[in-house]
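*Asks:* Mind looking over this structure? Questions follow.
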Amino acid sequence: MTSSLLICLWISPLLVPTGPLLTAEPPDWEAAMKSSLSTLVDNQESMTKEKQKKLDPGQVEVREWPYEGVYREGGEIPPGYRVGGTAIVMRSLIEVPGIKKDKKRSESVLRGLSFLLEESLRGPRMGVGFRGGYDVRDWGHIESLETLLRMKELKLIPGKLRKRCHQLIGELVETLIENEIPGGGWNYSRRRRANSPSPASPFMTAPAAMALMRARDHGLKFDTAVIDRALDTLEAARLETGAFQYSTNPDRVTGEGFEAVQGACARMAVCETALWLAGRADTARVRASVEAFLEHWEWLEKRRSQTGTHNPPYFIAPYYFFYGHTHASRALLALPEDQREPLRKQILARLWQVRGEDGSWNDRVFPRSSSYGTAMTILAFRAPQSPLPEKLVAKRDEGAEEKPAPLRRSEL
């Protein structure tokens, strides 16, 4: 690690919250999680304009949790946001123990699963391709893949749907590979000309790489060089300060705005975690990324639930807020166990500080997006019990003949 990285990022390991972060009584997270699960189940909806047809015996109703933001396609919430939002809420519902004894929650997840099976690759707006200069379909693909694989790990896919889910998992992997940007990685904002080179988005590429790592762990057969290329773009976007560019462009580094540590603090942890899983980052880098998130959290808080997207001085969009908390929480699994809890307490203290009066979490100005914010908070809280993809052991030297061996996954 360079001295400049140490100077900029290596702050005290005890970032003790002050002021409003300190409460007279410890937060009751268990009660908050119970209330949040009930709220998410109640928030499930159907955006289908046609009336729901009468269901056949054994057929499950299709319902969803669309993510709502300023971006629209034809005046409507794009399908990538609908699929991605639904997948994230589903994952939060399955990560909390007791779902098999909770009829309402389990039925809600099955309705969401029916939605993913129907909509995750429905053409022409989902599937292989890219529309215009901005297209969020791959965000939906990434989150749908991650959720289906996690359901498989937790043995929550009904027997009669296992074949369809396995097929969809394979097709999602193939679609992400087909939609890879020439040169590696993924981005929801690209040049309009089809197949023309565009910079990758670390914000999107790191979760995609980890979803494909998890697919690899499940034995899916595909050319894993797609993961290596994605990680190459992350390394190319990493600056000396530890920040990651908003879009990979090593030939044009400013270190300001988007590229300042303040502007990058919500995506640093997810990038370092993905690189750590491949042996391309050490635990010191991962820890520094989490500490940077905590140190510069105030800049994320200033943009939470505000209008606009990339506003100066650091061009932080409101939707980075819960994204940053969830991935910082997941990054702690890369650290030695004795280093995790102090940092985890700080992340949770900040999340508790921004809990809404109605008990939900929302980083947008849209009421519907509270499902996303609440789900991401649950995922942050449950991160210690949600294993990362398997870490590969790096080669000792470039001349080593043996391939990296995967470590065993933590018990589920």
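The values are calculated or read from the model by the stated rules, or taken from the named source; none is laboratory data. The model shown is predicted, which means the values in this text are computed figures rather than measured ones. Cβ placement follows ideal geometry from the backbone for every residue including glycine, while neighbour counts extend to all protein chains displayed.
*Asks:* Being under 23 Å from P389 (Cα atoms), of a type in the set (G, A, S) and either without any contact (Cβ under 8 Å) to a residue 60 or more places away in the chain or in contact with a Gly (Cβ under 7 Å, 6 or more places away or on another chain) (or both), is that true of even one residue in the stretch 205-218?
*Replies:* First, the residues of the stretch 205-218 that are under 23 Å from P389 (Cα atoms): 205-218.
Now restrict to residues that are of a type in the set (G, A, S): 206, 208-209, 211, 215.
Imposing the further condition that a residue be either without any contact (Cβ under 8 Å) to a residue 60 or more places away in the chain or in contact with a Gly (Cβ under 7 Å, 6 or more places away or on another chain) (or both) reduces the set to none.
Scanning the stretch 205-218 turns up no residue that is under 23 Å from P389 (Cα atoms), of a type in the set (G, A, S) and either without any contact (Cβ under 8 Å) to a residue 60 or more places away in the chain or in contact with a Gly (Cβ under 7 Å, 6 or more places away or on another chain) (or both).
*Asks:* Given the condition buried (at least 17 other Cβ atoms within 10 Å of the Cβ) and touching an Asp or Glu at 6+ places or on another chain (Cβ under 6 Å), answer yes or no: does some residue in the stretch 254-265 qualify?
*Replies:* Among the residues of the stretch 254-265, not one is buried (at least 17 other Cβ atoms within 10 Å of the Cβ) and touching an Asp or Glu at 6+ places or on another chain (Cβ under 6 Å), which makes the answer no.
*Asks:* Report those helices (runs of 4 or more DSSP H) wholly inside the stretch 180-284 carrying at least 3 residues which are under 24 Å from I88 (Cα atoms).
*Replies:* Qualifying helices (runs of 4 or more DSSP H): 202-217, 225-237, 268-277.
*Asks:* Here is a follow-up. Within the stretch 319-334, is even one residue charged (D, E, K, R) and not in a helix (DSSP H, G or I)?
*Replies:* No, because not a single residue in the stretch 319-334 is charged (D, E, K, R) and not in a helix (DSSP H, G or I).
*Asks:* Could you list, in sequence order, all residues of the stretch 110-145 that are closer than 21 Å to G159 by Cβ, surrounded by fewer than 22 Cβ atoms within 10 Å (Cβ to Cβ) and not basic (K, R)?
*Replies:* If the condition is that a residue be closer than 21 Å to G159 by Cβ, surrounded by fewer than 22 Cβ atoms within 10 Å (Cβ to Cβ) and not basic (K, R), then L110, S114, L117, E118 are the ones that fit.
*Asks:* Tell me, please, whether a residue that is outside any helix (DSSP H, G or I) and under 25 Å from E174 (Cα atoms) can be found in the stretch 38-52.
*Replies:* Checked against the condition, which is being outside any helix (DSSP H, G or I) and under 25 Å from E174 (Cα atoms), the stretch 38-52 yields no hits at all.
*Asks:* Return the only residue of A243, A215, A230 being farther than 26 Å from E153 by Cβ, out of contact with any His (no Cβ under 9 Å at 6 or more places or on another chain) and either surrounded by 19 or more Cβ atoms within 10 Å (Cβ to Cβ) or at pLDDT 95 or above (or both).
*Replies:* A243
*Asks:* Also: Within the stretch 67-80, can you find the residues that are of a type in the set (D, E, K, R), surrounded by fewer than 17 Cβ atoms within 10 Å (Cβ to Cβ) and not in a strand (DSSP E or B)?
*Replies:* The answer is R72, and nothing else.
*Asks:* Can P318 be described as over 24 Å from P199 (Cα atoms), out of contact with any Phe, Trp or Tyr (no Cβ under 9 Å at 6 or more places or on another chain) and not acidic (D, E)?
*Replies:* Against the criterion (over 24 Å from P199 (Cα atoms), out of contact with any Phe, Trp or Tyr (no Cβ under 9 Å at 6 or more places or on another chain) and not acidic (D, E)), P318 does not qualify.
*Asks:* Listed residues V62, V83; which is touching a residue at least 12 places away in the same chain (Cβ under 8 Å) and in a loop (DSSP other than H, G, I, E, B)? Outline the logic, then answer.
*Replies:* Working: V83 fails: in a loop (DSSP other than H, G, I, E, B).
The unique qualifying residue is V62.
*Asks:* Take P313 and decide whether it is assigned to a loop (DSSP other than H, G, I, E, B) and buried (at least 19 other Cβ atoms within 10 Å of the Cβ).
*Replies:* On the way: assigned to a loop (DSSP other than H, G, I, E, B): yes; buried (at least 19 other Cβ atoms within 10 Å of the Cβ): no.
No.
*Asks:* What single numbered condition from (1) of a type outside the set (G, A, S); (2) crowded, with 24+ Cβ neighbours inside 10 Å; (3) in a helix (DSSP H, G or I) fails to hold for D363?
*Replies:* Among (1) of a type outside the set (G, A, S); (2) crowded, with 24+ Cβ neighbours inside 10 Å; (3) in a helix (DSSP H, G or I), D363 violates only (3).
*Asks:* Tell me which residues, restricted to the stretch 238-279, are basic (K, R) and under 20 Å from the mean Cα position of the chain (by Cα).
*Replies:* Hits for the stretch 238-279 are R238, R267.
*Asks:* Next up: Can you tell me which residue among V286, V270 is closer than 25 Å to W361 by Cα, outside the structural domain of N187 (by TED's automatic domain parsing) and surrounded by 15 or more Cβ atoms within 10 Å (Cβ to Cβ)?
*Replies:* Answer to the selection: V270.
*Asks:* Separate question: Consider the stretch 146-157. How many of its residues are surrounded by fewer than 24 Cβ atoms within 10 Å (Cβ to Cβ) and closer than 16 Å to E118 by Cα?
*Replies:* 1
*Asks:* For the stretch 100-109, give me each residue that is charged (D, E, K, R) and either out of contact with any helix residue (DSSP H, G or I) (no Cβ under 9 Å at 6 or more places or on another chain) or surrounded by 23 or more Cβ atoms within 10 Å (Cβ to Cβ) (or both).
*Replies:* K101, K103
*Asks:* Being basic (K, R), in contact with an Asp or Glu (Cβ under 6 Å, 6 or more places away or on another chain), closer than 23 Å to L351 by Cβ and modelled with pLDDT of 95 or more is the filter here, so list the residues in the stretch 281-313 that pass it.
*Replies:* Within the stretch 281-313, no residue meets the criteria.
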